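Shown next, in structure tokens, is the structure this report addresses.
The values are calculated or read from the model by the stated rules, or taken from the named source; none is laboratory data. Everything quoted here is computed from the prediction, not taken from an experiment. Note: ideal-geometry Cβ built from the backbone for every residue, glycine included; neighbour counts use all protein chains shown. Accessible surface areas use protein heavy atoms only, side chains included; no ligands, DNA or RNA. Shrake-Rupley method; radii C 1.70, N 1.55, O 1.52, S 1.80 Å.
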Amino acid sequence: MKLEEENERPCCTSSNSASIDFTNSESDPAEGQVEIMDSTRIRSSGNSLEVHHQDRRRSYETEKHLQMNGNHKQPAPEEKELSRKPLYTKSQWVTLFTLGLINFCEGVIISLQAPFYPAEAEKKGATATEYGLVFGVFELVVFLVSPIFGKYMTKIGTKFILNAGIFITSTCCILFGFLDKVPGRDAFVGLSFAVRIIQAVGEAGYMTASFTIIASAFPDNVATTFAALETCFGLGIIAGPTLGGALYQLGGFTLPFATLGSLLFVAACVTFFILPDRKSVV
């Protein structure tokens, strides 16, 4: 009996082990489904990328074909006009050159007497305060008179105020050059103040009228034109003392004022015939 039982046990063991190995060798159906889904996703993503590249290639070829056939989009006429439009017209260039020359001369006239007028005033017995006020009263009068010209600009006329201002400034500049012939301290200082004040009135009229002309004649380039004219005026302020001192050494007290005043007078004649009448400008 014992021998029979021992013989039966190994058989049972081998059958159990065999059954275990069989179960382990079988694959899980869920894992198989996951692998199939992953492979399907990879294929679908690959197909979408390929379709995307194909669409881009087709769009590029279509656009290239349209350009070769001359069917591409043409720029709008307004864009062509803006791209070809010059910065200034011919008449605007003439106006800008004329006003720029006048601004330069105005700047020179304001500052040309700085190197030699104080010495001449001291010869006449004037103090530093007195001839200092002769310099400072000019800008004070411009500050006070400019709003008045602006108020009555449309009634009087822009071109008339412009030319009248230039004529007054140039004439007073020439007259200022003869002050060294005036005897006595009081007469010299008094006439210096009078000529300088009248000259400032003319300067205020010119500056107010020129601003009006710029706003009317250069509606698309107001800022650029203002900057250009102010640059010319600043260059005149810088060059004034140098030119005044050089001309004073050449011909004395009268020559600087006579030269620059005459140049400004010629510029006034040019503006009278070149610049259009802008009486209707507000």
- Item | Residue identified as under 18 Å from G107 (Cα atoms) and buried (at least 21 other Cβ atoms within 10 Å of the Cβ) among G177, G136 | G177
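Do you know which residues across the stretch 147-174 are surrounded by fewer than 18 Cβ atoms within 10 Å (Cβ to Cβ) and either of a type outside the set (F, W, Y) or at positive phi (or both)? Spell out how you get there, then give the answer.
Here is the first cut: in the stretch 147-174, the residues surrounded by fewer than 18 Cβ atoms within 10 Å (Cβ to Cβ) are 147-148, 150-152, 154-156, 160.
Within the stretch 147-174, P147, I148, G150, K151, T154, K155, I156 qualify.
Being open to solvent by 50 Å² or more (accessible area, probe 1.4 Å) and out of contact with any Lys or Arg (no Cβ under 6 Å at 6 or more places or on another chain): is that true of I198 here?
Values: open to solvent by 50 Å² or more (accessible area, probe 1.4 Å): yes; out of contact with any Lys or Arg (no Cβ under 6 Å at 6 or more places or on another chain): yes.
Considered against the rule, which asks whether it is open to solvent by 50 Å² or more (accessible area, probe 1.4 Å) and out of contact with any Lys or Arg (no Cβ under 6 Å at 6 or more places or on another chain), I198 comes out as yes.
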- Note on the structure: By residue number, the members of the stretch 231-269 that are under 13 Å from A114 (Cα atoms) and among the hydrophobic types (A, V, I, L, M, F, W, C) are I237, I238, A239, L243, A246, L247, F253, F257
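When you scan the stretch 101-117, how many residues do you find that are in a helix (DSSP H, G or I) and either within 16 Å of T169 (Cα to Cα) or open to solvent by 10 Å² or more (accessible area, probe 1.4 Å) (or both)? Before the answer, list the steps.
Residues of the stretch 101-117 in a helix (DSSP H, G or I): 101-111, 117.
From the residues that got through so far, the ones that are either within 16 Å of T169 (Cα to Cα) or open to solvent by 10 Å² or more (accessible area, probe 1.4 Å) (or both) too are 101-111.
Result for the stretch 101-117: 11.
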